[in-house]
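Asker: Sharing a structure, written as structure tokens. Questions coming.
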Amino acid sequence: MRLRGVLRFHWARDVDEALSLLRAYEGKGAILAGGVDLARSARTDIEGLIDITGTGLSYVREDPKGLRIGATTTLSELLFHPLSREYAGGVIAETLRLVAYPALRNVATIGGATVSAHPWADIPTMLVALGAEARWRNEEKEEKASVEELYKTQFRGIFREAILLELVLPHWDGVFVFEKIGRNAGDIALLNVCAGLGLREGKIAWARVAVGARPERGERLPWLEEMLLGKEPDENLWKKAEEEVKERIKVGSDRRASGEWRREVAGVLVRRTLARAAGKAVK
Amino acid sequence: MKIYFELNGRPQYVEVEPGESLLSLLRRLGMKSVKEGCGTGECGVCTVLLDGKPIRSCITFAPKVQGKRVTTLEGLGTLEDPHPLQRAFVEAGAVQCGFCTPGMILTAYALLQENPAPAPYEVREYLVGNLCRCTGYKKIVDAVLLAAKWKREGRWR
Ligand SMILES: Cc1cc2nc3c(=O)[nH]c(=O)nc-3n(C[C@H](O)[C@H](O)[C@H](O)COP(=O)(O)OP(=O)(O)OC[C@H]3O[C@@H](n4cnc5c(N)ncnc54)[C@H](O)[C@@H]3O)c2cc1C
Ligand code: FES
Ligand code: FES
């Protein structure tokens, strides 16, 4: 347990209670979901932990807006939920199966993954590609934004005073797939890609591609998405996409991989995901 | 603060620090099969079962087990009466230094509850977060498959 200095632990009964506890701590309280991230935090200023796993935010539902996933739903609950397995060609299960290992997924929550949003993580890349919307509440009001927009802001500051309630994944007429490269099956990504395609009369009607662990957090490649529109999905197109990505993607080096390696591999990984998505979309 | 939980079938009403790890609590209670390797959730030696599901006790806050069931290796078998999974690990030669073994066995136990007939790749997939520095994994997978066979033969449930 790296986190030190905790003086009190609270089980919040509902979101209102959690928010008022958060305010009472004046910055020295933290929302606790699965806790796998907080336990590893080197912060020493947290006096109170506010557990929100009993506040009714664990659910997966479907409505006309899309798939609604409560923030404290664990990654295992989501992975095995029939609704998420059917969603957008099964991309949720495909991604979550590659996130860590069962013992972590049994505890870690989708809300915790969205807020911690490690740049190397797979879940943010998937959420950005899928156009997920986040809904949260502070003591004054409820707000929402796309996860993509949220990640362009100082979102960690928002969640020092607010609770993420749920994520809404829109319905897509097409399929998404996810690919990750790590040193071994349970390791974090050196690079990850989530791509989705919709086909109409044999042509690409829409495309969404996000690349993460660059080593920066997952971001879409709008220039690539635009290039794919209206084209016939075939090997030549995927080859062109690979070249375009190698030329234009913003990558960098860290202690895990060099920028040079990431540039080369990003092209290949995007080609693979697109080809696989097209294959699945045709079926 | 005081919490109530069930440890290996026995009720516990114990004092915990609000920021204490479950690993520390369990060792304080004498469960020395629960070991600390990395302390950051990455190696799997501290794995225990919470309501039957594997979790990492080093990155679990102890108060979180309030009202729940915790199982450690001590709750599966004893030296005199080992659990079939423990016997399978011995029979397959899946133990060298033994440091990873409690976590491996508890994780394997959870796998076999979910899936009594796993393929070798499914065993590997489920144990992916449990690291072993000695065996090279092959004999561990063999041991789990052997225990699975015994389970299907009705030799344990
Ligand atoms: C060993 C390990 C391996 C991992 N491997 C992967 C991987 O392969 N791929 C991947 O994508 N990710 C990976 N992760 C990241 C993992 O998915 C996240 O750490 C996890 O989902 C966090 O969820 P949690 O519920 O435990 O969060 P917590 O630790 O409870 O919280 C994390 C942060 O979010 C805040 N928070 C949590 N919930 C809310 C909420 N509802 N509202 C407001 N704030 C909130 C907390 O205050 C805290 O700051 C890994 C993590 C670990 C520890
Ligand atoms: S000690 Fe808990 S996972 Fe390594
Ligand atoms: S037997 Fe030594 S670490 Fe696995």
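Just so you know, all these numbers are worked out from the coordinates, no wet-lab data involved. Keep in mind that this is a model prediction, so the values were computed, not measured. Reconstructed Cβ throughout: ideal geometry from the backbone, glycine too, with neighbour counts over all protein chains shown.
Asker: Points 7 angstrom from Cα along the Cβ direction at residue A:62 and residue B:114: gap in nanometres?
Answerer: About 2.3 nm separates the two model spin labels.
Asker: Compute the relative contact order of region A:60-169 as a whole-number percentage, counting only Cα pairs closer than 8 Å that sit 6 or more residues apart in sequence.
Answerer: Computed value for region A:60-169: 30 percent relative contact order.
Asker: Sort B:89-97, A:124-132 by the packing proxy (mean of other Cβ within 10 Å over each peptide's residues), most packed first.
Answerer: Going from most to least packed, we get A:124-132, B:89-97.
Asker: Further question on the same structure: Reachable aspartates and glutamates from residue A:203, Cα under 14 Å, same-chain residues fewer than 8 places away excluded?
Answerer: Partners found: A:173, A:225, A:226, A:232, A:234, A:235.
Asker: I'd like the distance between the alpha-carbon centres of region B:94-157 and region A:215-243, rounded to an integer number of Å.
Answerer: What the calculation gives is 42 Å, centre to centre.
Asker: If you take the charge dipole of chain A about its Cα centre, with +1 on Lys and Arg Cβ and -1 on Asp and Glu Cβ, which of A:41, A:54, A:20 is farthest toward its positive end?
Answerer: Toward the positive end, the furthest listed residue is A:41.
Asker: Summing Lys, Arg as +1 and Asp, Glu as -1, what charge do residues with Cβ under 11 Å from the Cβ of residue A:179 carry, residue A:179 excluded?
Answerer: +2
Asker: Output the relative contact order of chain A, whole-number percent, from Cα pairs under 8 angstrom with separation of 6+ residues.
Answerer: Relative contact order comes out at 15 percent.
Asker: What does the structure give for A:29-37 when I average, per residue, the other chain Cβ atoms found within 10 Å of the residue Cβ?
Answerer: Average per residue, whole number: 3.
Asker: Continuing with this model, one more query. Sort A:20, A:84 so the one with the fewest other Cβ atoms within 10 Å of its own Cβ comes first.
Answerer: Neighbour counts put them in this order, fewest first: A:20, A:84.
Asker: Once every DSSP H run of n ≥ 4 in chain B is given -39500 (n - 2.57) and the sum is divided by its residues, what mean residue ellipticity at 222 nm do you get, rounded to the nearest 500 deg cm²/dmol?
Answerer: -9500 deg cm²/dmol
Asker: Within 10 Å of each Cβ of B:48-59, how many other protein chain Cβ atoms are there on average?
Answerer: 5
Asker: A further question follows. Would you mind checking A:180/A:240; A:144/A:240; B:53/B:149; B:53/B:151 for any pair whose Cα atoms are more than 25 angstrom apart?
Answerer: In this structure, A:144/A:240 lie more than 25 Å apart at Cα.
Asker: Among A:251, A:265, what is the fewest-to-most ranking by other Cβ atoms within 10 Å?
Answerer: A:265, A:251
Asker: Exposure proxy check: A:1, B:31 ranked by fewest other beta carbons within 10 Å?
Answerer: By the 10 Å Cβ count, ascending, the order reads B:31, A:1.
Asker: How far is it, in nm, from the label point at residue A:144 to the one at residue A:229 when both lie 7 Å from their Cα along the line to the Cβ?
Answerer: Result: 2.5 nm between the two label points.
Asker: Then there is this: What size of dipole, in debye to the nearest 20, comes out for chain A about its Cα centre when the only charges are +1 on Lys and Arg C-beta atoms and -1 on Asp and Glu C-beta atoms?
Answerer: 720 debye
Asker: Do the sum for chain A: with -39,500 (n - 2.57) for every DSSP H run of n ≥ 4, divided by all residues, what is the mean residue ellipticity at 222 nm, to the nearest 500 deg cm²/dmol?
Answerer: Result for chain A, helices only: -9500 deg cm²/dmol.
Asker: Size of the dipole of region B:1-150 about the Cα centre, Lys and Arg at +1 and Asp and Glu at -1 on the beta carbon, nothing else charged, in debye to 20?
Answerer: My answer is approximately 100 debye.
Asker: Then there is this: Run the simple label-point estimate for residue A:2 and residue A:283 please: 7 Å along Cα→C-beta, distance reported in nm.
Answerer: If labels sit at residue A:2 and residue A:283, their model points lie 4.0 nm apart.
Asker: Find the relative contact order for chain B and round it to a whole percent, using C-alpha pairs within less than 8 Å whose residues are 6+ positions apart.
Answerer: Worked out over chain B, it gives 23 percent.
Asker: Name the most mobile residue of A:15, A:177, A:211, meaning the one with the largest mean-square fluctuation, in a Gaussian network model of chain A with Cα contacts below 10 Å.
Answerer: It is A:15.
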